[in-house]
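A single structure is presented below for examination.
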Amino acid sequence: MRTTAALTFAHRLLARTLGPGRVAVDATAGNGNDALALAGLVAPDGMVHCFDIQAEALEKTRKRLEAAGLGHLVRYHAAGHEDLLSCLPPAHHGRVAALVFNLGFLPGGDDTVVTRPETTLAALDAATAVLAPDGSIAVVCYTGHPGGAAEAAAVAAWCANLPFEAWRAARYELVNKPGSPIIAFFVERRTEASKTAMRSSGIDVHSLLL
Ligand code: SAH
């Protein structure tokens, strides 16, 4: 899998809330790149739930994680990420520290099997329901394939509609990249600490990009 600047940036942001023993979700296992990074961050006793609708992707991910000695930390769900709520054990609802969506098609696989706005948005709604109070969501959108730009626009609109009182949503994009843009969105809950800081200073010091 290509490791793009957007993906590297996403891993760095998610690393702030991940740590030993925490629960993470790779909503689009693909070639296992994100699952590998997440598992490394929650080791030695956390858990990564991996979703993909293609058996090929889950198998590639499983091989990759086992080769890295992290396979025991991963649960594989041969299901769409829109089924997140029913696939995650109830004990993990409200406890997920990070979710990654790396949209589009499986690089090196069938490029007609792509993530789609309807299921992506349903999964993002579910993601907000399983997120821990200090958790964050990263969504990396690729605009170069058919439907990709529309999906990125749908994700942008979903982020923009999150109530500002309760959520912070930001976007990251290399604006001088040739070709089709890759856009990453980051979402986190606004914490009590940041609300207090805002009330006392009159300034919202809480920023996703700090
Ligand atoms: N475009 C990225 C990689 C995306 S991989 C890059 O170039 O690096 C996207 C993965 O999402 C694929 O493996 C695909 O099978 C999977 N996928 C598609 N629809 C899905 C869904 N509803 N739920 C979970 N995974 C899905």
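The values are calculated or read from the model by the stated rules, or taken from the named source; none is laboratory data. This structure is a prediction, so every number in the text was calculated from the model and none was measured. We place every Cβ from the backbone using ideal geometry, glycine too, and count neighbours over all the protein chains shown. To get the accessible areas, we keep the full protein, side chains included, count just its heavy atoms, and leave off ligands, DNA and RNA. Shrake-Rupley method; radii C 1.70, N 1.55, O 1.52, S 1.80 Å.
So that you can scan it fast, the table gives a plain yes or no per residue for (1) more than 18 Å from Leu99 (Cα to Cα); (2) free of Cβ contacts under 8 Å to residues at least 12 places away in the same chain; (3) within 13 Å of the ligand (Cβ to nearest atom); (4) in contact with a helix residue (DSSP H, G or I) (Cβ under 8 Å, 6 or more places away or on another chain):
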site	(1), (2), (3), (4)
Pro133	no, no, no, no
Thr143	yes, no, yes, yes
Val155	no, no, no, yes
Asn176	yes, yes, no, no
Phe186	no, no, no, yes
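Name every residue in the stretch 52-71 that is more than 9 Å from the ligand (Cβ to nearest atom) and of a type in the set (D, E, K, R), in order of residue number.
Correct list: Glu59, Arg62, Lys63, Arg64, Glu66.
Among (1) touching a Phe, Trp or Tyr at 6+ places or on another chain (Cβ under 8 Å); (2) closer than 21 Å to Ser136 by Cα, which single condition is Ala79 missing?
Going through the list (1) touching a Phe, Trp or Tyr at 6+ places or on another chain (Cβ under 8 Å); (2) closer than 21 Å to Ser136 by Cα, Ala79 breaks only (2).
Another one. Restricting to the stretch 107-130, name every residue that is closer than 21 Å to Thr8 by Cα and more than 16 Å from the chain's Cα centre (by Cα).
Across the stretch 107-130, the qualifying residues are Pro107, Gly108.
For the stretch 11-45, which positions are of a type in the set (Gly, Ala, Ser), in a helix (DSSP H, G or I) and closer than 19 Å to Thr61 by Cα? Lay out the reasoning, then the answer.
Let us first name the residues in the stretch 11-45 that are of a type in the set (Gly, Ala, Ser), namely 15, 19, 21, 24, 27, 29-30, 32, 35, 37, 39-40, 43.
From what is left, the residues that are in a helix (DSSP H, G or I) are 15, 35, 37, 39-40.
Across the stretch 11-45, the qualifying residues are Ala35, Ala37, Ala39, Gly40.
Being open to solvent by less than 20 Å² (accessible area, probe 1.4 Å) and more than 12 Å from the ligand (Cβ to nearest atom) is the filter here; which residues of the stretch 72-98 pass it?
Residues satisfying the conditions are Leu73, Val74, Leu88, Val96, Ala97, Ala98.
Which ones in the stretch 52-66 are surrounded by fewer than 19 Cβ atoms within 10 Å (Cβ to Cβ) and within 22 Å of Leu18 (Cα to Cα)?
Those that are surrounded by fewer than 19 Cβ atoms within 10 Å (Cβ to Cβ) and within 22 Å of Leu18 (Cα to Cα): Arg62, Glu66.
Next up: Any chance the stretch 39-49 includes a residue that's within 11 Å of the chain's Cα centre (by Cα) and either open to solvent by less than 10 Å² (accessible area, probe 1.4 Å) or free of Cβ contacts under 8 Å to residues at least 40 places away in the same chain (or both)?
no
For the stretch 1-27, which positions are open to solvent by 10 Å² or more (accessible area, probe 1.4 Å) and within 11 Å of the ligand (Cβ to nearest atom)?
Hits for the stretch 1-27 are Met1, Arg2, Thr3, Thr4.
Same structure, new question: Inspect the stretch 108-129 for any residue being modelled with pLDDT under 95, within 14 Å of the ligand (Cβ to nearest atom), open to solvent by 30 Å² or more (accessible area, probe 1.4 Å) and acidic (Asp, Glu) and give the result as yes or no.
Yes, the stretch 108-129 has at least one match.
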